[in-house]
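The next block holds one structure in the form of structure tokens; read it before the comments.
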Amino acid sequence: MKLASLRDPIHRRDGCLVVVSSDLTRCLDARSIAPTLQAALDDWAQIEPSLQALSARVNSGEGMAFDPSGCLSPLPRAYQWADGSAYVNHVALVRKARGAELPPSFWSDPLMYQGGSDGFLAPRDNIPFVDSQWGLDFEAELAVITDDVSQACDERTARQSIRLLMLVNDVSLRGLIPGELTKGFGFFQSKPASAFSPVAVTPDELGTAWDGGRAHLPLLVQLNGREFGRANAGVDMTFDFPALIAHATTTRSLAAGTIIGSGTVSNRDADGGPGRPIVEGGLGYSCIAEQRTVEQLRTGTISTPFLSPGDQVKIEMRDADGRSIFGAIDQRVVAFERS
């Protein structure tokens, strides 16, 4: 089942819930079942069967044309957005860029920060550019949306709490991160609004590519129409989603509608190295910071700039038959104008 939140002039903050066909061509209004995705998640056990029935209808040919440009993020705002860093290869590279060592504990104890969740960018919204010194970057990730999860849950319980998956562009300001981390209080200004894919999907939509904790498919990233990354999300994921959820519940319960991110998808090279650009036969990268770090390590010179106005970022995942699963995050960078 695939779900989306369409822009709605009456419910402009949360949109209106629709069920989308598996091929992303049609949708059916679900407001008679649940007005918003959050409302559906609040009462998932009772509401899911009705949504599945609607899904069967839309996949049999009913419904109106589905236009991803009319979508908000599936949860346009959420009670909680916690982003992990499950791909330790990525952590090692970005820390190396800052001249910071990787503590051994990072291989056994997940990193996680709590991001702003009061409003997300839509999958086709522009990314605001303010200052070149801020180092605007994209980060291509996956995320899950949970049901209610009790404090101190184990990984088996966490696995059963996963209701939906979606893609993420975790927009980051690399130039602001070192100063914030030096304060010892975590990210805030360096993590502006993120964007999510047009649709969120139930795990069965990934078929055998979903093993209950990881999605074993390439995450496809384009920058200005050129392939930038195709790292496999199921490879080099040190902590799977159940481990991240269990970590998040160590000291708190999670409310239905909590979003847990994977962190930037990152693969090591076949020889164990940090990875090569696609033009050199590698899998590329899911953020600019990684490519810049590898350039510095290999040549001593950084040649790839961070994002600037006019740049376009596209993030997508396709199944084994080449069909888009979540629709694409497709965003252009534009100069910020104060309202």
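Select from the range 221-241 the residues that are open to solvent by less than 50 Å² (accessible area, probe 1.4 Å) and either aliphatic (A, V, I, L, M) or part of a strand (DSSP E or B) (or both) and list them in ascending order. Within the range 221-241, 221, 223, 228, 229, 231, 232, 233, 237 qualify. Of the residues making up the range 280-339, just one is touching a helix residue (DSSP H, G or I) at 6+ places or on another chain (Cβ under 8 Å), closer than 13 Å to residue 127 by Cβ and open to solvent by less than 20 Å² (accessible area, probe 1.4 Å), namely 307.
Give 258, 250 a once-over and let me know the one that is among the polar types (S, T, N, Q) and touching a strand residue (DSSP E or B) at 6+ places or on another chain (Cβ under 8 Å).
258 is the lone residue from the list that is among the polar types (S, T, N, Q) and touching a strand residue (DSSP E or B) at 6+ places or on another chain (Cβ under 8 Å).
Within the range 134-146, not a single residue is more than 15 Å from residue 264 (Cβ to Cβ), outside any helix (DSSP H, G or I) and open to solvent by 40 Å² or more (accessible area, probe 1.4 Å). Any residue at all in the range 6-18 that's open to solvent by less than 60 Å² (accessible area, probe 1.4 Å), assigned to a loop (DSSP other than H, G, I, E, B), in contact (Cβ under 8 Å) with a residue 40 or more places away in the chain and closer than 24 Å to residue 329 by Cβ? Yes, the range 6-18 contains a residue that is open to solvent by less than 60 Å² (accessible area, probe 1.4 Å), assigned to a loop (DSSP other than H, G, I, E, B), in contact (Cβ under 8 Å) with a residue 40 or more places away in the chain and closer than 24 Å to residue 329 by Cβ.
Out of everything in the range 87-127 that is at pLDDT 80 or above and of a type in the set (Gly, Ala, Ser), what residue ends up being nearest to residue 309 (Cα to Cα)? Checking each candidate, the answer is 122.
Of everything listed in (1) of a type outside the set (Ser, Thr, Tyr); (2) farther than 21 Å from residue 184 by Cα; (3) out of contact with any strand residue (DSSP E or B) (no Cβ under 8 Å at 6 or more places or on another chain); (4) buried (at least 21 other Cβ atoms within 10 Å of the Cβ), the single unmet condition for residue 93 is (2).
When restricted to residues that are part of a loop (DSSP other than H, G, I, E, B), surrounded by fewer than 23 Cβ atoms within 10 Å (Cβ to Cβ) and not hydroxyl-bearing (Ser, Thr, Tyr), the range 246-279 contains 12. Contact map, the range 256-276: first residue farther than 22 Å from residue 83 by Cβ, second residue hydroxyl-bearing (Ser, Thr, Tyr), Cβ cut-off under 6 Å, separation 6 or more or different chains; the map is empty. Taking residues in the range 314-339 that are under 23 Å from residue 26 (Cβ atoms), and partners anywhere that are assigned to a loop (DSSP other than H, G, I, E, B) and β-branched (Val, Ile, Thr), the pairs with Cβ atoms closer than 9 Å and at least 6 places apart or on different chains are 316/325; 317/325; 318/325; 319/325; 325/199; 326/199; 327/199. The sole residue among 192, 178, 128 that is in contact (Cβ under 8 Å) with a residue 60 or more places away in the chain, surrounded by fewer than 21 Cβ atoms within 10 Å (Cβ to Cβ) and part of a strand (DSSP E or B) is 128. Scanning for something in a strand (DSSP E or B), open to solvent by 20 Å² or more (accessible area, probe 1.4 Å) and not acidic (Asp, Glu), does the range 34-57 turn up at least one residue? No: the range 34-57 contains no residue that is in a strand (DSSP E or B), open to solvent by 20 Å² or more (accessible area, probe 1.4 Å) and not acidic (Asp, Glu).
The values are calculated or read from the model by the stated rules, or taken from the named source; none is laboratory data. Predicted model only: the values in this text are computed from it and were never measured. Note: ideal-geometry Cβ built from the backbone for every residue, glycine included; neighbour counts use all protein chains shown. Side chains included, ligands, DNA and RNA excluded: accessible areas come from the protein's heavy atoms. Shrake-Rupley method; radii C 1.70, N 1.55, O 1.52, S 1.80 Å.
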